[in-house]
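Asker: Please find one structure pasted underneath; my questions will follow.
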Amino acid sequence: MPLFLDLHELPEGITAQHVAEMHQADLDIEHEYNCRGLTYWCDEIRKTAFCLIEAPNKQALIDLHENAHGAIPTRIIEVNDTIVESFLGRIEDPEKSKNVSLNIINDPAFRTLMVVKMKTIALRSTEINILKAAIRGYTTSIKGLASNYNGSIVKQEANTFLISFASVTDAIHCGIKINKSYNITVTPDLEFNIGISAGTPVTKKDSIFEDTIKTSNYLSDLSSGIHITSILKDLYEGENQNTPISQDSSITILNKADEDFIMQLMAYTEKIWSHTSTSVNDFEENLGYSKSKLYRTMMNLIGKSPNMFLRDYRLNNALKLLEKQSSNISEIAYQTGFSSPAYFSKCFNTKYGILPSNFIFNK
């Protein structure tokens, strides 16, 4: 049976006890709608509640809520139980709340999500195996640090990690430790990129935490170090009695205007990066920036010119395809927006210090 997570926006005055009573009312009549309520999350501060319910369809869930207590969810998405548990830590009521007359669970579903990317910036043929061994070591370190700071690794794909934290403080401190674990002297051919943002599991999007994942992912595509949103800074200080974030040189806090630019830039780049006809002029036109302003803004935030940014974005995706060995070099060149295989090979060699044909041979 499908599993759904729904969002309830709570009116002023509604408390965790009220939500617990609503949850109990659902359980009392759920059999009439062929539903099974697994658990819920309540956030009195942000005035939200989220219910996790097995149901034949969304309408059955709506009918259950309407007849149990009249609180119709604002939004419903279909989810996977394993993914929910990875993000939120459970798919059933907490043990300490069971076997009591009323399950009062004042447990927010708000999470801080970190994306960590180990990006290859050079691939000297004589050192590929050394680089692979170093990446394995860093992977072990990242997993250990995430566990030490109460983080849950939701997803690991190649050299990218998505980690969920209930605490903003834990996420920030873990990010600092992960960044410090990187030894540029030992592995100069790598850089660590970390993006951290926070949000709720259900928004207007179709997937759980989709907005927050996208923001963290975009932030991790910026220059090396840790990039966080201004909201995350405020949340950290709220958790730490207005103590500011450590003045760690690796942390960059984006203001709202810069964050909006990055979101707009990355969303547009995702759409057009594989088109061979795309040029910097398209960025200027679609982002509404003059040539000089676009250059200054990107150099300030990303450390790259628009041309270099687009080229590196394409090369990063080309490297992923080469690692999968799913296509030949000519196919990859065109798939990633290069005008010819020869030009692709030239750009690849300039960035990584090895021809793509030699990379495949040495892989």
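The values are calculated or read from the model by the stated rules, or taken from the named source; none is laboratory data. The structure presented is a predicted model; accordingly, all values stated were derived computationally and were not measured. Neighbour counts are summed over all protein chains in view; Cβ atoms, including those assigned to glycine, are modelled from backbone coordinates with ideal geometry. Ligands, DNA and RNA are stripped out before the accessible areas are found, and what is left, the full protein with its side chains, is counted by its heavy atoms. Shrake-Rupley method; radii C 1.70, N 1.55, O 1.52, S 1.80 Å.
Asker: For the stretch 62-79, name all the residues that are on the phi < 0 side of the Ramachandran plot, loosely packed, with under 15 Cβ neighbours inside 10 Å and assigned to a loop (DSSP other than H, G, I, E, B).
Answerer: Matches in the stretch 62-79: Ile72, Thr74.
Asker: Can you find, within the stretch 305-355, the residue that is farthest from Tyr295 (Cα to Cα) among those that are surrounded by 18 or more Cβ atoms within 10 Å (Cβ to Cβ) and in contact with a strand residue (DSSP E or B) (Cβ under 8 Å, 6 or more places away or on another chain)?
Answerer: Here the answer is Leu319.
Asker: Further question on the same structure: Residue under question is Phe87, and the condition is that it be under 26 Å from Pro56 (Cβ atoms) and of a type in the set (Phe, Trp, Tyr); does it hold?
Answerer: yes
Asker: Does Tyr149 satisfy the criteria of being under 28 Å from Val79 (Cβ atoms) and of a type in the set (Ser, Thr, Tyr)?
Answerer: Yes.
Asker: I want to confirm something. Restricting to the stretch 193-216 and keeping residues that are of a type in the set (Ser, Thr, Tyr) and surrounded by 21 or more Cβ atoms within 10 Å (Cβ to Cβ), which single residue is nearest to Glu270 (Cα to Cα)?
Answerer: Per the stated criteria, the residue is Thr215.
Asker: Looking only at the stretch 179-196, decide whether some residue is in contact with an Asp or Glu (Cβ under 7 Å, 6 or more places away or on another chain) and modelled with pLDDT of 95 or more.
Answerer: Scanning the stretch 179-196, I find no residue that is in contact with an Asp or Glu (Cβ under 7 Å, 6 or more places away or on another chain) and modelled with pLDDT of 95 or more, so the answer is no.
Asker: Follow-up. Restrict the check to the stretch 82-95 and report whether at least one residue is at pLDDT below 90, open to solvent by 80 Å² or more (accessible area, probe 1.4 Å) and farther than 30 Å from Leu322 by Cα. Explain how you work it out, then say what you get.
Answerer: From the stretch 82-95, those at pLDDT below 90 are 93-95; that's our starting set.
Right, trim to open to solvent by 80 Å² or more (accessible area, probe 1.4 Å) and you get 95.
From the residues that got through so far, the ones that are farther than 30 Å from Leu322 by Cα too are 95.
Checked the stretch 82-95: at least one residue is at pLDDT below 90, open to solvent by 80 Å² or more (accessible area, probe 1.4 Å) and farther than 30 Å from Leu322 by Cα.
Asker: Taking the stretch 229-272 on its own, how many of its residues are in a loop (DSSP other than H, G, I, E, B) and more than 20 Å from the chain's Cα centre (by Cα)? Can you show your working first?
Answerer: Kept after step one, since they are in a loop (DSSP other than H, G, I, E, B), are these residues of the stretch 229-272: 240-250, 255.
From what's left, more than 20 Å from the chain's Cα centre (by Cα): 240-249.
The qualifying residues number 10.
Asker: Just one of the numbered conditions (1) assigned to a helix (DSSP H, G or I); (2) touching a helix residue (DSSP H, G or I) at 6+ places or on another chain (Cβ under 7 Å); (3) open to solvent by 20 Å² or more (accessible area, probe 1.4 Å); (4) among the β-branched types (Val, Ile, Thr) is not true of Ile153; which one?
Answerer: For Ile153, the failing item is (1).
Asker: Continuing with the same structure: Which one is surrounded by the fewest Cβ atoms within 10 Å (Cβ to Cβ) among residues in the stretch 217-251 that are at pLDDT 90 or above, of a type in the set (Val, Ile, Thr) and over 18 Å from Arg46 (Cβ atoms)?
Answerer: Residue satisfying both the conditions and the ranking: Ile251.
Asker: Being more than 17 Å from Lys180 (Cα to Cα), part of a helix (DSSP H, G or I) and open to solvent by 20 Å² or more (accessible area, probe 1.4 Å) is the filter here, so list the residues in the stretch 120-144 that pass it.
Answerer: Once the filter is applied, which keeps residues that are more than 17 Å from Lys180 (Cα to Cα), part of a helix (DSSP H, G or I) and open to solvent by 20 Å² or more (accessible area, probe 1.4 Å), the stretch 120-144 yields Ser125, Thr126, Glu127, Asn129, Ile130, Lys132, Ala133.
Asker: Evaluate the following for Thr112: is it farther than 20 Å from Lys204 by Cβ, crowded, with 20+ Cβ neighbours inside 10 Å, modelled with pLDDT of 95 or more and in contact with a Lys or Arg (Cβ under 7 Å, 6 or more places away or on another chain)?
Answerer: For Thr112, the condition - farther than 20 Å from Lys204 by Cβ, crowded, with 20+ Cβ neighbours inside 10 Å, modelled with pLDDT of 95 or more and in contact with a Lys or Arg (Cβ under 7 Å, 6 or more places away or on another chain) - is not met.
Asker: Let me ask something else about it. Do the conditions hold for Met299, that is, is it open to solvent by 20 Å² or more (accessible area, probe 1.4 Å), hydrophobic (A, V, I, L, M, F, W, C) and touching a residue at least 40 places away in the same chain (Cβ under 8 Å)?
Answerer: Here the answer is no, as Met299 does not meet what is asked.
Asker: Further question on the same structure: Any residue in the stretch 93-103 that is of a type in the set (A, V, I, L, M, F, W, C) and either closer than 20 Å to Ile208 by Cβ or not in a loop (DSSP other than H, G, I, E, B) (or both)?
Answerer: no
Asker: Looking only at helices (runs of 4 or more DSSP H) that lie completely in the stretch 301-363, which have at least 2 residues being over 19 Å from Asn129 (Cα atoms) and touching a His at 6+ places or on another chain (Cβ under 6 Å)?
Answerer: The helices (runs of 4 or more DSSP H) meeting that bar number zero.
Asker: Continuing with the same structure: Go through (1) outside any strand (DSSP E or B); (2) in contact with a Ser or Thr (Cβ under 7 Å, 6 or more places away or on another chain); (3) over 22 Å from Thr243 (Cα atoms) for Ala171 and report which single condition fails.
Answerer: With respect to (1) outside any strand (DSSP E or B); (2) in contact with a Ser or Thr (Cβ under 7 Å, 6 or more places away or on another chain); (3) over 22 Å from Thr243 (Cα atoms), Ala171 is out only on (3).
Asker: Search the stretch 275-296 for residues that are open to solvent by less than 70 Å² (accessible area, probe 1.4 Å) and pair each with any residue that is of a type in the set (D, E, K, R) when their beta-carbon atoms are under 9 Å apart and the residues are at least 6 apart or on different chains.
Answerer: The qualifying pairs are Val280/Lys291; Glu284/Lys291; Glu284/Lys293; Ser290/Glu284; Leu294/Glu284.
Asker: Determine which single condition Ile226 fails, assuming it passes every other condition in (1) assigned to a helix (DSSP H, G or I); (2) in contact with a Gly (Cβ under 6 Å, 6 or more places away or on another chain).
Answerer: Ile226 satisfies all of (1) assigned to a helix (DSSP H, G or I); (2) in contact with a Gly (Cβ under 6 Å, 6 or more places away or on another chain) except (1).
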